[in-house]
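One structure is given below, encoded as structure tokens.
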Amino acid sequence: MNRRPHFRITPLRYVSTPRKLRSVKEPRGARPAQRLLRIVGWLLTCEQPVTREEIWDQFPGEYTGDPTTKERKWTRDKDALREAGVPISYMEDVKGYVVQRDQYYLPALHFSPTEVAMLWTAGQAALRLRGLPWREELESALRKLRSADPARHARAAVPPLLQDTNAAAPDEQACFVELIKDAARQRKRLWMRYFTAGRSEETEREVDVHGIAWRRGAWLFVGHCHLRGAPRVFYVSRVRGLKLSDQNPGASDYEVPADFDIRRYAVQQEWDYWIHAPVAASVALRGGLAPLADTLLPGAAVSNSEDGATVGELHVRNLDALVRHVLSLGPDAELLAPEEGRARAREMLDKLVRA
């Protein structure tokens, strides 16, 4: 993992020589955080300590007035930077300020698979909190955690028996993704062998790919399935074999419908994907999960039960996916119906206990 600074520094235009510095135009009255970030960014580019007068000249829009006024403002800025953890020091021998680079950058982090799982689980739990500050920053951190080592992505945080145990190997999925992208770009029909979890069977299909998307740590693609005669959503992890049509080389095999929008499918829930006929389901959320029903069960009809739980009613076409989702929420979530889903949940939990 690359060494990263405490702050995100916006590149600055500057000319730096040992003792002759060209100032840049600074907006007057900029917000303190913006000013401090620019100061830190500029100090990091300086090859040697700089005096306070050189700093004032570099940021003329911020340090105005007589020397006493400038000194007071610079003193406040120094204190704020040090309080934020920036190692700015005054070098008495040369009468100048410098940011100690060896102390400014954080060391590289290395996590074990267990630590990755713990961090991911804690981060996902925090994202469920309503009104969470720094939500965007946390989401960005989780994306970086996943991209730093793709082999330890989000599914590492889910107990293995609650995962999709029929998924193809990561390297194989990567190859499939490239072929699917080629098919979508060239409008070439795909032949594939696909595993259907609901029926625990493999089928051979021809698919006209309309689009591909990354959603919740997994690749999915949408297209017209000639076996079913209708649009379907497919998981790359369920693909067992794949090849492009070799008919009509250089020509398109189909056209994508004008009203197709991959985003409509990318925001669907996993339990909405057509694996079996729709079945009615209900989920009870208690404790800290109760206020989050709209977030945890998008599209469900929500009501309050007599025992104080929040109940979400919905129709699903992939019951196993809903069972895995409810179990991942912990003891404050319970699948009330259908009984088939409750039996499936008990089966998963029994296997987990035996393991």
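The values are calculated or read from the model by the stated rules, or taken from the named source; none is laboratory data. The model shown is predicted, which means the values in this text are computed figures rather than measured ones. Cβ sites come from the backbone with ideal geometry, for glycine too, and all protein chains shown count toward neighbours.
Determine if region 333-340 includes at least one residue that is out of contact with any Cys (no Cβ under 9 Å at 6 or more places or on another chain), at pLDDT below 90 and either in a loop (DSSP other than H, G, I, E, B) or not assigned by TED's automatic domain parsing to the domain that holds TYR235 (or both). No, region 333-340 has no match at all. Scanning region 17-73 for residues that are at positive phi and modelled with pLDDT of 85 or more yields a total of 1.
Scanning region 52-95 for residues that are among the β-branched types (Val, Ile, Thr) and closer than 19 Å to LEU37 by Cα yields ILE55, THR64, THR75, VAL86, ILE88.
Within region 76-90, can you find the residues that are modelled with pLDDT of 85 or more and surrounded by fewer than 12 Cβ atoms within 10 Å (Cβ to Cβ)? Matches in region 76-90: ARG76, ASP79.
Residues that are free of Cβ contacts under 8 Å to residues at least 40 places away in the same chain and either surrounded by 14 or more Cβ atoms within 10 Å (Cβ to Cβ) or among the aliphatic types (A, V, I, L, M) (or both): list the strands (runs of 3 or more DSSP E) wholly contained in region 185-243 that include at least 2 such residues.
Numbers: elements: 190-196, 201-215, 218-225, 230-235.
The strands (runs of 3 or more DSSP E) meeting that bar are 201-215, 218-225, 230-235.
Checked against the criterion of being surrounded by 14 or more Cβ atoms within 10 Å (Cβ to Cβ), among the β-branched types (Val, Ile, Thr) and without any contact (Cβ under 8 Å) to a residue 40 or more places away in the chain, the candidates VAL283, VAL311 yield just one match: VAL311. Note on region 147-196: residues that are of a type in the set (Lys, Arg) and modelled with pLDDT under 90 amount to 2.
Cβ-Cβ distances below 7 Å connect the following pairs, each with a first residue in region 113-136 that is hydroxyl-bearing (Ser, Thr, Tyr), a second residue that is at pLDDT below 75, and a separation of six or more residues or different chains: THR121/ALA157.
Residues in region 46-75 that are assigned to a helix (DSSP H, G or I), of a type in the set (Val, Ile, Thr) and surrounded by 14 or more Cβ atoms within 10 Å (Cβ to Cβ): ILE55 alone.
Going by the conditions given, is GLN268 under 24 Å from the mean Cα position of the chain (by Cα), of a type outside the set (Phe, Trp, Tyr) and either in the same structural domain as GLY308 (by TED's automatic domain parsing) or within 22 Å of LYS181 (Cβ to Cβ) (or both)? First the steps, then the outcome.
On the way: under 24 Å from the mean Cα position of the chain (by Cα): yes; of a type outside the set (Phe, Trp, Tyr): yes; either in the same structural domain as GLY308 (by TED's automatic domain parsing) or within 22 Å of LYS181 (Cβ to Cβ) (or both): yes.
For GLN268, the condition - under 24 Å from the mean Cα position of the chain (by Cα), of a type outside the set (Phe, Trp, Tyr) and either in the same structural domain as GLY308 (by TED's automatic domain parsing) or within 22 Å of LYS181 (Cβ to Cβ) (or both) - is met.
Scan region 256-273 for residues that are closer than 25 Å to VAL311 by Cβ, out of contact with any helix residue (DSSP H, G or I) (no Cβ under 6 Å at 6 or more places or on another chain) and aromatic (Phe, Trp, Tyr) and report the count. Here the count works out to 1.
Looking at this structure, is ASP272 among the acidic types (Asp, Glu) and surrounded by fewer than 19 Cβ atoms within 10 Å (Cβ to Cβ)? I'd like the intermediate steps shown before the answer.
Details: among the acidic types (Asp, Glu): yes; surrounded by fewer than 19 Cβ atoms within 10 Å (Cβ to Cβ): no.
Here the answer is no, as ASP272 does not meet what is asked.
Only one of the listed residues (ASP253, ASP246) is acidic (Asp, Glu) and modelled with pLDDT of 90 or more. That residue is ASP253.
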